[in-house]
Amino acid sequence: MTRVLFFLLFFTTLSLSFITNAQDEIPTEEARISEGESLFKGNCQSCHKVHEKLVGPALKDVYDRAPSIDWIVNFVWNSQKMIADGDEYANELWEEYQPTQMTAFPTFSRDQILSILAYIKVETEAGPEVVADVAATGEGVQPAGESIPAFYLNAIMVGLVVVLVLILVVLILITSVLRKYLNQRGDLDTDDQEIVNPKFSFDGLIKSKPFIFMVTFVFTAIVFKVVINQLFAVGVQVGYAPKQPIAFSHELHAGQYEIDCQYCHTGVRKSKSANIPSPNICMNCHSSIKTESPEIQKIYAAIENDKPIEWVRIHNLPDLAYFNHSQHVEVGNIECQTCHGPIEEMEVVRQHSLLTMGWCIDCHRETNVNTKGNAYYDKLVELHSEESKEALKVEDIGGLECAKCHY
Ligand code: HEC
Ligand code: HEC
Ligand code: HEC
Ligand code: HEC
Ligand code: HEC
Ligand code: HEC
């Protein structure tokens with residue numbers, strides 16, 4: 001009897017250790033998890049969420065569900081090969097998700113894929129994010145943080161004006177009552193009478209020189225200001241948001257589905273231009289998502305007729321100016337939103353910044369150069385810190401030189 005019990009115990013621990021074995025390999029160090037997080041966000045997030053199905057399956061528990069850790073590694077390296085080789089589990093997945101193919105990541109090391117799994121595991125154990133009831137708490141109703149103080153400021157101003165007008169009305173009432181009372185007493189001498197009923201005439205005031213001068217001055221100042229503003233606004237198109245040929249929404253793709261900007265704007269980290277995606281990139285998903293939608297049909301038409309989609313350009317510097325995305329995004333580490341605003345909330349993209357020379361220059365005067373981990377700047381930082389206590393600004397590396405932006 002004890003022997004049977006012993007065997008039972010032995011086998012349960014053995015099988016338990018077998019189940020957990022697969023997971024033992026997944027690292028738990030903080031550094032690996034955050035490495036995994038950035039790999040996941042940069043490469044997988046466009047198609048996978050942890051707790052929800054997106055283009056591909058939800059990845060929670062995948063390390064338990066898939067045949068083995070090795071299987072996952074091979075699948076990430078080249079899923080189509082496994083499907084072609086007749087792997088049973090891979091073909092079941094393919095049945096469900098075809099014709100969408102998972103991108104192959106042959107350049108990832110096994111350790112990198114394990115880091116991604118580490119991140120997925122942490123997210124799995126944390127459970128799905130509970131979205132706070134925004135409407136109920138009233139938070140998030142204000143579209144942008146900045147607009148809240150502006151809103152209150154306006155309310156306070158209006159309140160003040162109302163109070164001032166009320167005070168004025170009360171004062172006028174009081175004086176007129178007092179005047180009536182004093183006039184009725186009838187025991188005032190002529191001097192007092194003059195004080196109570198001043199010989200004030202509107203006519204005199206309007207014709208007086210100081211008054212005419214003041215009015216002309218204020219009027220000219222306002223006209224001048226309007227003209228100057230108009231002149232400065234020539235060619236400035238803040239808020240420009242043309243209708244696009246396909247009702248493509250950043251709010252949906254970049255906001256709700258959290259597709260990385262770089263997934264579509266492929267050049268943004270490595271070249272001057274950010275690039276507008278070709279219809280092929282849309283097809284990675286829309287060969288199987290919303291295929292019946294008339295808007296999506298327009299993508300198919302563009303591909304069939306071999307005619308590019310004619311997106312209307314929104315941001316456009318004149319030819320005389322040179323702007324480079326990779327310099328700002330990759331080297332300078334500036335967020336897209338700093339220049340383009342909250343794109344991930346825009347149904348239709350609109351121009352957020354002025355894009356004037358003054359706008360470029362102001363930022364170059366104020367912004368510190370991202371020198372960390374960039375050996376190119378080591379010598380400059382050293383030289384600079386001998387002369388000045390302030391951090392190295394773009395201005396200090398020549399960001400105000402005409403020839404850097406004009407050539
Ligand atoms: C272009 C979209 C796309 C990208 C990018 C992508 N996947 Fe996938 N993934 C899929 C699809 C679709 C499937 C379902 C199988 C198939 O159709 O090939 C899948 C399946 C999987 C599976 C198996 C899931 C299961 O339920 O067993 C794993 C694991 C996986 N992906 C991991 C990753 C990782 C890790 C990355 C990032 C390095 C990644 N995927 C990037 C689309 C994608
Ligand atoms: C699924 C693909 C996709 C993703 C993801 C995406 N975009 Fe776009 N983006 C487009 C397309 C297509 C256009 C052109 C149509 C339009 O203006 O809406 C565009 C236009 C733009 C423009 C205006 C270009 C012009 O004409 O001046 C900006 C700026 C921009 N995107 C920034 C971003 C940022 C920032 C993100 C990430 C938060 C992002 N995009 C994510 C596809 C994408
Ligand atoms: C990584 C996947 C992915 C890519 C790439 C992608 N989309 Fe989408 N798109 C989606 C998802 C998911 C939806 C939402 C489908 C739904 O509402 O069920 C969607 C919805 C849409 C819709 C709304 C369709 C409707 O009728 O509701 C349009 C239009 C659209 N996408 C255009 C584009 C264009 C144009 C591109 C290429 C520049 C593109 N998409 C690239 C995933 C993608
Ligand atoms: C320092 C400010 C700045 C940052 C940061 C920035 N952009 Fe731009 N972006 C611009 C300017 C300026 C233009 C107009 C360029 C031109 O006309 O030559 C532009 C144009 C674009 C365009 C239109 C196509 C093109 O390449 O001219 C897209 C798309 C775009 N940006 C996407 C992005 C994305 C995505 C990011 C983040 C990864 C980003 N931008 C970060 C300033 C910026
Ligand atoms: C949000 C701040 C910001 C804005 C706006 C901005 N820049 Fe920059 N710019 C930077 C930073 C930071 C760097 C330094 C990047 C680096 O380390 O090389 C830089 C560098 C440059 C350089 C290289 C300078 C050098 O000496 O190597 C050029 C050229 C440039 N910017 C042009 C522009 C133009 C043109 C505009 C306007 C259309 C603009 N920038 C708007 C932040 C900005
Ligand atoms: C950081 C980048 C940057 C630097 C440095 C810079 N500019 Fe510019 N400049 C621009 C941009 C961007 C425009 C286009 C502005 C627009 O379209 O409103 C421009 C426009 C101009 C124009 C044309 C104005 C017009 O109305 O078309 C002149 C002239 C000019 N710059 C001269 C200079 C001179 C001279 C210097 C050196 C003292 C200089 N710029 C330095 C970015 C720069």
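The values are calculated or read from the model by the stated rules, or taken from the named source; none is laboratory data. Here the structure is a predicted model, which is why all the values come from computation and not from measurement. With ideal geometry, Cβ positions are generated from the backbone for all residues, glycine too; neighbour counts draw on all protein chains shown. Accessible surface is based on the protein model in full, side chains and every heavy atom, while ligands, DNA and RNA are left aside. Shrake-Rupley method; radii C 1.70, N 1.55, O 1.52, S 1.80 Å.
Run the numbers on the range 356-407 and let me know its relative contact order in percent, using alpha-carbon pairs under 8 Å that are six or more apart. Spell out each step's value before the answer.
Values: 31 pairs, mean separation 23.2, N = 52.
The normalised contact order for the range 356-407 reaches 45 percent.
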Subject >> Accessible surface, 1.4 Å probe, highest first, among residues SER326, SER287 >> reply: SER287, SER326
Original post:
Per the 1.4 Å probe, what fraction of the accessible area of the chain, in percent, lies on carbon and sulfur atoms?
Top reply: 62 percent
Original post:
Tell me, how many Å apart are the Cα centres for the range 250-290 and for the range 362-407?
Top reply: 32 Å
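Kirkwood Rh over Cα pairs of the range 183-293 into Stokes-Einstein at 4 °C, 1.567 mPa s: D in µm²/s? Walk me through the intermediate numbers first.
On the way: Rh = 22.1 Å.
Using the Kirkwood radius from Cα pairs, D works out to 59 µm²/s.
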Subject >> Cα-based reach from LYS207 at 22 Å (exclusive), listing lysines while leaving out same-chain residues under 8 positions away >> reply: LYS199
**OP:** List every residue whose amide H lies under 5 Å from the amide H of LYS393, counting only residues 5 or more places away in sequence or on a different chain, with H placed 1.01 Å from N in the peptide plane.
**Re:** VAL369
Original post:
In the range 298-400, which trypsin sites (Lys or Arg not before Pro) fall in coil by DSSP and have 14 or fewer other Cβ atoms within 10 Å?
Top reply: ARG313, LYS372, LYS389
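Among residues other than ALA31 whose Cβ falls under 13 Å from its Cβ, what is the net charge (Lys/Arg +1, Asp/Glu -1)?
Details: positive: ARG32; negative: GLU29, GLU30, GLU35, GLU37, ASP111.
Counting the neighbours of ALA31, the net charge comes to -4.
Reported to two decimal places, what Rg/Rh ratio describes the range 152-232 when computed on Cα atoms with Rh from the Kirkwood expression? Mind dumping the intermediate values first?
Details: Rg = 20.6 Å, Rh = 17.2 Å.
Rg/Rh: 1.20.
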**OP:** In Å³ and rounded to a whole number, note down the convex hull volume per residue for the Cα atoms of the chain.
**Re:** 369 Å³
Original post:
Label GLN244 and THR175 with points 7 Å out from Cα along Cα→Cβ: what is the distance between them in nm?
Top reply: 6.2 nm
**OP:** Taking only protein heavy atoms into account and a 1.4 Å probe, give the accessible area per residue of the range 164-234 in Å².
**Re:** 95 Å²
Original post:
What is the distance, in nm, between label points placed 7 Å from the Cα along the Cα-to-Cβ direction at ILE303 and at ASN197?
Top reply: 9.3 nm
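Report, to one decimal in Å, the Kirkwood hydrodynamic radius for the range 356-407 based on all distinct Cα pairs.
Values: mean 1/r = 0.0848 Å⁻¹.
Kirkwood radius, the range 356-407: 11.8 Å.
Per residue of the chain, what 222 nm ellipticity follows from adding -39500 (n - 2.57) for every DSSP H run with n ≥ 4, rounded to the nearest 500? Numbers along the way, then the final one.
Numbers: 19 runs with 211 residues, N = 407.
That comes out to -15500 deg cm²/dmol.
Hey, could you grab the Kirkwood Rh for the range 310-407? Inverse mean 1/r over distinct alpha carbon pairs, Å, one decimal.
Values: mean 1/r = 0.0654 Å⁻¹.
So the Kirkwood estimate lands at 15.3 Å.
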Original post:
Along the range 362-376, what does the Karplus equation 6.51 cos²θ - 1.76 cosθ + 1.60 (θ = phi - 60°) give for ³J(HN,Hα), rounded to whole Hz, x for Gly and Pro?
Top reply: 3, 5, 5, 6, 9, 8, 6, 6, 7, 8, 5, x, 10, 4, 4
Original post:
Which residue, chosen from GLY398, TRP359, VAL381, occupies the Cα position most advanced towards the positive end of the dipole of the range 356-407, where the dipole is computed from +1 (Lys, Arg) and -1 (Asp, Glu) charges on Cβ about the Cα centre?
Top reply: TRP359
Subject >> Relative contact order (%) - criterion: Cα under 8 Å, at least six apart; region: the chain >> reply: 14 percent
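Just how large is the dipole of the range 152-232 about the Cα centre, in debye to the nearest 20, putting +1 at every Lys and Arg Cβ and -1 at every Asp and Glu Cβ?
Details: 7 positive and 6 negative charges, 82 e Å.
So the dipole magnitude of the range 152-232 works out to roughly 400 debye.
Run through the range 192-228 and list the chymotrypsin sites (Phe, Trp or Tyr not before Pro) located in a DSSP loop whose Cβ has at most 16 other Cβ atoms within 10 Å.
Numbers: sites: PHE200, PHE202, PHE211, PHE213, PHE217, PHE219, PHE224; in loops: PHE200.
Passing both the DSSP loop test and the Cβ count: PHE200.
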